[in-house]
Amino acid sequence: MTTTVAGPGPGPRTLAWQRRRRSALRFWRQYRTHRAGVAGLAALVLFALIALTAPLTVGSDVARVTDAPGNPLEAPSGQFPLGTDRFGRDLLGLVVWGARVSLLVGLLAAVLSVAIGAVVGIVAGHFRGAWSTVLMRITDWFLVMPTLVLAIALATVMSRSLGTVILAIGVTTWPTTARLVRAQTLAVESRPYIERARALGGGHWHVMTRHVLPNVMPLVLAQTTLMVSSSILAEATLAFLGLGDPSVVSWGGLLQDAREAGAVSAGDWWYLVPPGIAIALVALAFTLCGRAVESVLNPRLGVAR
């Protein structure tokens, strides 16, 4: 009688990869049932392609003031579909090029904001007593202060650059994430397996990184997608107020240029409408994606499809 010896099974890394793959496929199957979320994702992919291919489609010299291809404030025409700005530059090319800066600032500022909020929320939820009290009082102070006023103050005292804008948005918009993550951390740490982990010798770092962080990551992911739209709007507001980097082209910067050129009083609508619509569409797309992600990761929210 021949005995067949089974070979070694898949290793831990292979099993972990298979679990992640199944989770991703399950997430996508649920996500695509949300029509609004799919529409928002399609819009974001389109904007991302436009931003990434901008050097090929419009060229890096589209923002040059010298040797502008048109006359100042030309109305839309066959040569310039969206007209020209006050320097004679093609507004279509400027809107396409501005997508790179606006999307980049929005993403980085949202990641910074959510990262700060997640760290504060996990630490405040894990450590009780004085640590939690101090951190939450600081969070409450930031929460009641007008975010835009704090961002303007930071952008004013620091140098005018994209890094300053990202920092100003990130360090003023994290309190909401911190409170959400703290509430989730308290719920996670009340579960029995956390007590078992501590009984087996798991320290604070082990509990926070191995048990709490994986359980709050779905909330952090959903919050990040929702924060991107707010960050893009904040960047546009700071640029419109003249606190952005004057050496780069962004949608908010185009609106600020239009204001300085008197486009509102002169009725030059083509100077104002395209960047404004671009900001609104991207913010709406990120909001739709964020709501869909929330609904998939936490079906009890009951987000409409």
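The values are calculated or read from the model by the stated rules, or taken from the named source; none is laboratory data. Keep in mind that what you see is a predicted model, and the values were worked out from it rather than measured. Because the Cβ atoms are built from the backbone with ideal geometry, glycine has one as well, and the counts that use them run over all protein chains shown. All accessible areas refer to the heavy atoms of the entire protein, side chains included, with ligands and DNA or RNA removed. Shrake-Rupley method; radii C 1.70, N 1.55, O 1.52, S 1.80 Å.
Assorted remarks:
- Residue match in region 67-84 (condition: crowded, with 19+ Cβ neighbours inside 10 Å and part of a helix (DSSP H, G or I)): no
- Once region 23-42 is narrowed to residues that are among the aliphatic types (A, V, I, L, M) and under 21 Å from Met217 (Cα atoms), the residue that is modelled with the highest pLDDT is Leu41.
- Tallying residues that are without any contact (Cβ under 8 Å) to a residue 12 or more places away in the chain and either of a type in the set (D, E, K, R) or touching an Asp or Glu at 6+ places or on another chain (Cβ under 6 Å) (or both) within region 133-187 yields 1.
- Filter pass, Leu254 being in contact (Cβ under 8 Å) with a residue 12 or more places away in the chain and over 26 Å from Gly88 (Cβ atoms): no
- Condition check for Ala183: part of a helix (DSSP H, G or I), more than 20 Å from the chain's Cα centre (by Cα), hydrophobic (A, V, I, L, M, F, W, C) and at pLDDT 85 or above: yes
- For Val212, the requirement of being aliphatic (A, V, I, L, M), open to solvent by 20 Å² or more (accessible area, probe 1.4 Å) and over 20 Å from the mean Cα position of the chain (by Cα) is not met.
- Residues (assigned to a helix (DSSP H, G or I) and basic (Lys, Arg)) located in region 117-157: Arg137
- Residues that are open to solvent by 20 Å² or more (accessible area, probe 1.4 Å) and either within 14 Å of the chain's Cα centre (by Cα) or without any contact (Cβ under 8 Å) to a residue 12 or more places away in the chain (or both) within region 228-251 comprise Ser230, Leu233, Ala234, Ser247, listed in sequence order.
- Every listed requirement among (1) touching a Lys or Arg at 6+ places or on another chain (Cβ under 7 Å); (2) at pLDDT below 85 is met by Ala239 save one, (1).
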